Amino acid sequence: MAQDIKITHGPYLCNMTQHEVNIIWTTNKPALSWVELAPGNDQSFYATEHPRYYETVAGRRLSTSTFHCIKLKKLNPNTRYNYRIFSKEVRSWNGSGKILYGNTVASNVFKQKPLSFSTFPTNGIDSVSFVMFNDIHERHEMFEKLCKNTDFKKTNFVVFNGDMSSYLVDEAQLFRGYLDVAVKKFAKETPILFAKGNHENRGVYADNLCRYYPTSNNHFYQFYKYGDVCLIVLDCGEDKPDSDIEYAGLADYDRYREEEAHWLQQILKTKEFTQSRVRIVISHIPFIIGDWHGNQHLRKLFLPLLNSAKIDLMLSGHTHTYSFHSSNNHCSFPTVINDDETFLSCEVSPENIKVRIINQDDKLVAEHFIKIKSKP
């Protein structure tokens, strides 16, 4: 007997903004998939018809894949929405264009509340709470322990700051390594902001990573705004010279970082950045320290730009060791480096930025209060 269609992974939310979000899931069979969106209230999902959102390319809805990524557009800022995902099996599609559909699978809204999310607010919100994980390296059991100690109901978004994987081999490895845990613990309703680490550049499946973390500019370096708080998410590239034998002749990260530096220079001139009250930089590799090529190249390209931009804080990983670095004559902002067996909690208030490092046993490792610089 043929196996019926089912949702195998997801859904999870990523690339959230004031007006957009991507919802991603997979099925065990090719399917035509869509998302239905409803107001984020207590009204039954069955009360009325809801608008449908499909993944389309050049006007045609996709129906031949087991991977489903639906971008919801033209959303209202600071607004809660309920949603439901659907996948209708495509059993056959002959040359004449006739499609034979099978059954439809969907997320449950009958025996439980529908899934929901809130879009990011515009200016006027000066508080935000988020958590950061990094250097998990597919240790899903340890990742689940860290998630257990996090109150995601009070978390606006979650940052993955690099090296969540070690080497990318296939889709199953991504989900098994950490994404299934994320879906189970928070990612159905709390969005992921993804910063690529150096290890995510490695492996035969690395070129497919952009499918699982789609962005607005098709690059992993991004600019996000949550109320009066902005986050610059950098893509650090690799840590060794491009010619290193480990990269098998495939690395071109020096050129890539130079292009990224040009993008950063333009971002720092925008009204969205200059009118932000709080400015946080996310970079997997902490380029304020270290003498490897990646650290030095990042430091050369990005530090002069950021030093002139009144950055409040940089958050990093990579070293697998917690450390705190105050601002000094060479770097105008402090940096907190989270290790590989703790998570970082960040709470921005009108007065300061509170950073806490917490281990698997829910014990506080370190705590910092960062004074917010005045707006220029």
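Restricting the calculation to Cα atoms, the stretch 30-100 yields a radius of gyration followed by a Dmax of 14.6, 46 Å. Using only Cα positions of the stretch 175-237, each an equal point scatterer, no hydration layer, compute I(q)/I(0) via Debye at q = 0.14, 0.22, 0.30 Å⁻¹ and quote the log10 values to two decimals. The calculated log intensity ratios at q = 0.14, 0.22, 0.30 Å⁻¹ are -0.48, -1.11, -1.33. Need one word for the stretch 83-139: rounded, prolate or oblate. Basis is the Cα gyration tensor (sqrt eigenvalues a ≥ b ≥ c); a/c below 1.5 gives rounded, then a/b vs b/c decides. Here the stretch 83-139 falls in the prolate category. Element breakdown for the stretch 1-152 at a 1.4 angstrom probe: carbon and sulfur atoms account for 48% of the accessible area.
Which is the longest run of the chain containing none of the GluC sites (Glu not before Pro) found in DSSP loop states (not H, G, I, E, B) with at most 14 other C-beta atoms within 10 Å? Numbers along the way, then the final one.
On the way: sites that count: E49, E351.
With GluC sites (Glu not before Pro) excluded where exposed in loops, the chain gives 50-350 as its longest stretch.
For the stretch 233-376, the mean projected area of the C-alpha convex hull, equal to one quarter of the hull surface, is 9.4 nm². Average 1/r across all pairs of distinct alpha carbons in the chain, invert it, and you get the Kirkwood radius: 21.7 Å.
Per residue, the accessible area of the stretch 236-289 comes to 46 Å², computed with a 1.4 Å probe over protein heavy atoms only.
Taking all protein chains into account, the per residue accessible area for the stretch 1-98 stands at 53 Å² (1.4 Å probe). Please name which of Y322, N359, F333 has its Cα lying farthest along the dipole of the stretch 313-361 towards the positive end, using unit charges on Cβ (Lys, Arg +1; Asp, Glu -1) and the Cα centre as origin. Most positive-ward Cα: F333. Of the chymotrypsin sites (Phe, Trp or Tyr not before Pro) found in the stretch 37-131, the ones in coil according to DSSP and having at most 10 other Cβ atoms within 10 Å of their Cβ are Y46, F110. Summary of the geometry: the stretch 230-269 and the stretch 37-79, compared by the centres of their Cα atoms, lie 34 Å apart.
Counting only protein heavy atoms, what percent of the accessible surface of the stretch 194-337 is carbon or sulfur at a 1.4 Å probe? So the carbon and sulfur contribution to the accessible surface is 51 percent. Measuring against 19 Å, Cα to Cα, the residue pairs K6/K184; K154/K184; K271/K310; K154/K371; K310/K371; K148/K184 contain K154/K371 as the ones spanning a longer distance. Pairs to check: K88/K196; K153/K354; K196/K240. Give those whose C-alpha atoms are more than 21 Å from each other in this structure. As for pairs spanning more than 21 Å Cα to Cα, those are K88/K196.
Could you give log10 I(q)/I(0) at q = 0.13, 0.17, 0.26 Å⁻¹ for the stretch 267-331, computed by the Debye formula over C-alpha point scatterers of equal weight, without solvent? Scattering profile of the stretch 267-331, log10 relative to I(0): -0.37, -0.63, -1.29. Once C-alpha pairs closer than 8 Å and six or more residues apart are averaged by separation and normalised to the residue number of the chain, the relative contact order reads 15 percent.
What shape does the stretch 39-198 have by the C-alpha gyration tensor, where a ≥ b ≥ c are the square roots of the eigenvalues, rounded means a/c under 1.5, and otherwise prolate means a/b greater than b/c and oblate the rest? Cα axes put the stretch 39-198 in the oblate bin. Compute the distance from the alpha-carbon center of the stretch 84-148 to that of the stretch 303-334, in whole Å. The distance from the Cα centre of the stretch 84-148 to that of the stretch 303-334 comes to 34 Å. The residues of the stretch 124-180 have, on average, 37 Å² of accessible surface per residue, using a 1.4 Å probe with all protein chains present.
The values are calculated or read from the model by the stated rules, or taken from the named source; none is laboratory data. All figures in this text were calculated on a predicted structure; none of them were measured in a lab. Counting neighbours? That spans all protein chains shown, and the Cβs are built from the backbone with ideal geometry, glycine included. Note: accessible area is taken over every heavy atom of the protein model, side chains too, but ligands, DNA and RNA are not part of it. Shrake-Rupley method; radii C 1.70, N 1.55, O 1.52, S 1.80 Å.
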